[in-house]
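Everything below concerns the one structure shown next.
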Amino acid sequence: MRHGADCYFHASGNSFSEVEENARQAMEQGFRHVRVQVATPGYVGYGARGNAPAEGARNEVVGPTSPRDIWEPAPYVRLVPKLFEHLRTKLGDDVELLHDVHERVTLNQAINLCKALEPYRLFFLEDPLPPEDNDHFRLLRQQTSTPLATGELSTHSRNTCPSSYNFGVHEGSGFLKETQEVFAGCPEIKIGYMLAQERPGLGIEVDENLAAKFPIPAGPPNFEYSWETTRRRDGTVIP
């Protein structure tokens with residue numbers, strides 16, 4: 001029996017200082033785990049606002065010869081260790097820091113990134129490689145002591161990664177006011193813990209009349225994150 005489930009907060013920004021400021025806000029709210037993401041200058045990215053203008057109109061057909069949102073892994077791999085150097089210097093060692101690669105690097109780049117991050121003692125590095133690359137995960141595990149997290153994208157038992165373990169931390173920093181109203185009894189977030197309801201079952205009641213006021217907007221896209229448009233400069237699709 002636990003008092004609550006530890007949660008991690010998302011802190012992102014266009015600069016190291018902006019990420020630091022957002023991480024400090026999380027720590028002031030009691031979060032002990034913070035996921036940090038920073039935009040790579042000149043490129044779109046994952047987990048942080050991109051600072052590169054999209055090439056072409058939003059309704060333009062995107063393909064190998066007309067990429068719009070450009071991503072390149074090499075600048076990102078060089079940037080991330082510098083982010084963690086900055087944060088460890090400014091925030092100290094007490095906060096647990098996490099980062100999500102989102103599978104956008106090669107095996108060699110993942111090895112180099114993980115080894116470069118070892119001095120900054122990450123709580124975990126998430127999805128350095130896609131879940132189907134179990135053999136690559138074994139090679140990566142042999143090369144680095146950086147904790148590796150994966151699994152949310154797995155769709156089959158064969159994708160289970162032998163190089164990762166259960167970190168016992170929950171992603172999320174709370175629910176929007178509207179969500180709490182529609183789903184009365186949502187778990188509370190207090191001092192970085194998610195606290196479950198003690199009422200029968202899940203302890204959550206759905207207000208269907210109120211939910212009807214929040215229809216799913218016409219799409220596509222409804223859930224996009226540039227996943228449909230992000231490519232390398234040579235046209236290679238990026239997940």
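Values quoted throughout were computed directly from the atomic coordinates according to the rules given, and no laboratory measurement underlies them. Just so it is clear, the structure is predicted and the values come from calculations on it, not from any experiment. Counting neighbours? That spans all protein chains shown, and the Cβs are built from the backbone with ideal geometry, glycine included.
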Long-range amide H partners of TYR8 with built H, under 5 Å: HIS170, GLU171, GLY172
Extension gain, ASP135 back to THR89 (0.36 nm per residue minus Cα-Cα distance, nm): 13.1 nm
From phi via Karplus (6.51, -1.76, 1.60), per-residue ³J(HN,Hα) for region 201-206 in Hz, x at Gly/Pro: x, 7, x, 10, 10, 9
³J(HN,Hα) computed for each position of region 112-118 - Karplus, 6.51 cos²θ - 1.76 cosθ + 1.60, integer Hz, glycine/proline x: 4, 5, 4, 5, 5, 8, 3
FRET efficiency for SER15 and GLU178, using Cβ-Cβ distance with R0 set to 25 Å, rounded to 0.05: 0.20
Interchain or long-range residues, amide H under 5 Å from GLU103's placed H: LEU129
Residue-wise HN-Hα coupling along region 99-109, computed from phi with Karplus coefficients 6.51, -1.76, 1.60 (Hz; x: Gly, Pro): 8, 10, 7, 6, 6, 9, 9, 7, 4, 4, 5
Estimated inter-spin distance, ARG2 and GLU152, nm [label 7 Å along Cα→Cβ]: 1.6
Loop GluC sites (Glu not before Pro), region 60-153 (other Cβ atoms within 10 Å of the site Cβ: 12 or fewer; DSSP): GLU60, GLU152
Amide H contacts under 5 Å for PHE124, placed H, 5+ residues apart: HIS99
